[in-house]
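Undergrad: Sharing a structure here in structure tokens format.
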Amino acid sequence: MAPENPTIEPRHMCWKYWDEWSDWPGSRGYVLTKNGEIVAHGAVVPLTCRWEDRQIKVVRVIDWSADAQTIGAGVNLMKRIGRMADAVMAVGGTDMTLKIFPALGAKQFGKVHLYVRPLRPLRRIATENKADWRVGARVARSLLWSMQAPSAVPAAWVARRIALDQLLMAFPKPTPTSGTAVFERSTASLSYYLRCPSVPFELYSVEKAQTPRGYFLLATVGRQVRLVESWLDSTDVEDWRALNLLAVQQARRHSDAVELATMSSDAFTRSTLESCGFHHRGSLEVQLFDSSKRGLPQGDLRVQMMEGDSSYLNDGSGILWG
């Protein structure tokens, strides 16, 4: 019997395609038809990219597919979606995505890297569908990683959970730094994820000596907790280590959690993750197509799970990264 997939339930589809989004009125799902038949489909995640004193409207296209027998259907839909924004972003994707974006003239912005930190390696044995030497090897590796990872949160740092009705409280949000572009976060965009009907999200303010310094957003998908998004008003390595360890601490509160997974594109964040016991598990290409010819960011682009659907993807199989 195939595992249940909560992300194709009507309530989740309604949230993903039609739930309120402050700067994108109406549906976020689009189809291309030919002779009354659907030949291509795509949905958008609206984003605002900021660098220096500039900003552009970007869309990340998800759930993109096209009829192989209808030549050009996928490209046609992508171009039409591109007219609704200044740029279109792709992160990884199918072979079709990796071929079409360069053909459109997309610019590569490096890669976003996948990381994982084990939380309860032995819990994995009891939940595996089949036990063989590969499972044993993965558990042994996770045990080693877990024993080597730091766990103590530095003094004076705490994580305070923010409920949906507390989003108006002030805490620092992403701002561009020299040579790095960021995606804007707002009360409305964070509220959207906290309203997800199929995957529970938790937002935390990160405080030092009772002063808000940043935040992080967690999502729980089966046995995996995901560090969806994080930000701190600091470029100090030790401060970011404190944030990462606070995220680990809160993830451990979920008794069924086996691992904490996250994604990051910039070298600084990746280095702080690695220093906190996170291990590299792969990478995905990041591409931007300048659909409006207004220009793209110069330098690095900070990409996390929130720039797409990675935060809530769940086919019910319980696949882990570690």
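Undergrad: Considering only residues that are among the small types (Gly, Ala, Ser) and under 27 Å from Glu285 (Cβ atoms), which ones fall in segment 223-270?
TA: Answer for segment 223-270, where residues must be among the small types (Gly, Ala, Ser) and under 27 Å from Glu285 (Cβ atoms): Ser230, Ala247, Ala261, Ser264, Ser265, Ala267.
Undergrad: Does Lys173 satisfy being open to solvent by less than 60 Å² (accessible area, probe 1.4 Å) and more than 26 Å from Asn314 (Cα to Cα)?
TA: On the way: open to solvent by less than 60 Å² (accessible area, probe 1.4 Å): yes; more than 26 Å from Asn314 (Cα to Cα): yes.
Yes: the conditions hold for Lys173.
Undergrad: So if I check each of Thr48, Thr33, which one is hydroxyl-bearing (Ser, Thr, Tyr), under 22 Å from Glu184 (Cα atoms) and out of contact with any Phe, Trp or Tyr (no Cβ under 6 Å at 6 or more places or on another chain)?
TA: Details: Thr33 fails: under 22 Å from Glu184 (Cα atoms).
Going through Thr48, Thr33 in turn, just one is hydroxyl-bearing (Ser, Thr, Tyr), under 22 Å from Glu184 (Cα atoms) and out of contact with any Phe, Trp or Tyr (no Cβ under 6 Å at 6 or more places or on another chain): Thr48.
Undergrad: Another question, if that's okay. Which residue pairs have Cβ atoms closer than 6 Å, lie 6 or more positions apart in sequence or on different chains, and pair a first residue in segment 244-269 that is acidic (Asp, Glu) with a second residue that is not in a loop (DSSP other than H, G, I, E, B)?
TA: Glu259/Val116; Glu259/Pro118; Glu259/Gln224; Asp266/Asp300
Undergrad: Next question, about the same structure. Would you check if Cys14 is loosely packed, with under 15 Cβ neighbours inside 10 Å and either at pLDDT 95 or above or under 18 Å from Val286 (Cα atoms) (or both)?
TA: Here the answer is yes, as Cys14 does meet what is asked.
Undergrad: Could I ask something else about it? Check Tyr312 against each of (1) of a type in the set (Phe, Trp, Tyr); (2) in contact (Cβ under 8 Å) with a residue 60 or more places away in the chain; (3) touching a Ser or Thr at 6+ places or on another chain (Cβ under 6 Å) and name the one condition it does not meet.
TA: Single failed check for Tyr312: (3).
Undergrad: Among the residues of segment 264-305 satisfying the criterion of being of a type in the set (S, T, N, Q) and over 30 Å from Ser142 (Cβ atoms), which is farthest from the chain's Cα centre (by Cα)?
TA: Ser292
Undergrad: Working only within segment 150-169, note down all residues that are more than 23 Å from the chain's Cα centre (by Cα) and in contact (Cβ under 8 Å) with a residue 24 or more places away in the chain.
TA: The answer is Pro150, Ser151, Ala152, Val153, Pro154, Ala156, Trp157, Val158, Met169.
Undergrad: Being surrounded by fewer than 15 Cβ atoms within 10 Å (Cβ to Cβ), in a helix (DSSP H, G or I) and at pLDDT below 90, is that true of even one residue in segment 180-194?
TA: Within segment 180-194, not a single residue is surrounded by fewer than 15 Cβ atoms within 10 Å (Cβ to Cβ), in a helix (DSSP H, G or I) and at pLDDT below 90.
Every residue, every condition in (1) touching a helix residue (DSSP H, G or I) at 6+ places or on another chain (Cβ under 8 Å); (2) of a type outside the set (D, E, K, R); (3) within 30 Å of Val75 (Cβ to Cβ), yes or no:
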{"site": "Gln224", "(1), (2), (3)": "no, yes, no"}
{"site": "Val228", "(1), (2), (3)": "yes, yes, no"}
{"site": "Glu238", "(1), (2), (3)": "no, no, no"}
{"site": "Ala251", "(1), (2), (3)": "no, yes, no"}
{"site": "Leu273", "(1), (2), (3)": "yes, yes, no"}
{"site": "Gly277", "(1), (2), (3)": "yes, yes, no"}
{"site": "Arg281", "(1), (2), (3)": "no, no, no"}
{"site": "Ser291", "(1), (2), (3)": "yes, yes, yes"}
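Undergrad: Restricting to segment 18-39, give me the number of residues that are within 29 Å of Ala68 (Cβ to Cβ), touching a residue at least 40 places away in the same chain (Cβ under 8 Å) and not aliphatic (A, V, I, L, M).
TA: Result for segment 18-39: 1.
Undergrad: List the number of the failed condition for Cys49; all other conditions in (1) touching a helix residue (DSSP H, G or I) at 6+ places or on another chain (Cβ under 7 Å); (2) more than 18 Å from Met78 (Cα to Cα) hold.
TA: Exception for Cys49: condition (1).
The values are calculated or read from the model by the stated rules, or taken from the named source; none is laboratory data. Because the structure is a prediction, the values reported are computed rather than measured. Virtual Cβ from ideal backbone geometry, glycine too; neighbours counted across all protein chains shown. Accessible surface is based on the protein model in full, side chains and every heavy atom, while ligands, DNA and RNA are left aside. Shrake-Rupley method; radii C 1.70, N 1.55, O 1.52, S 1.80 Å.
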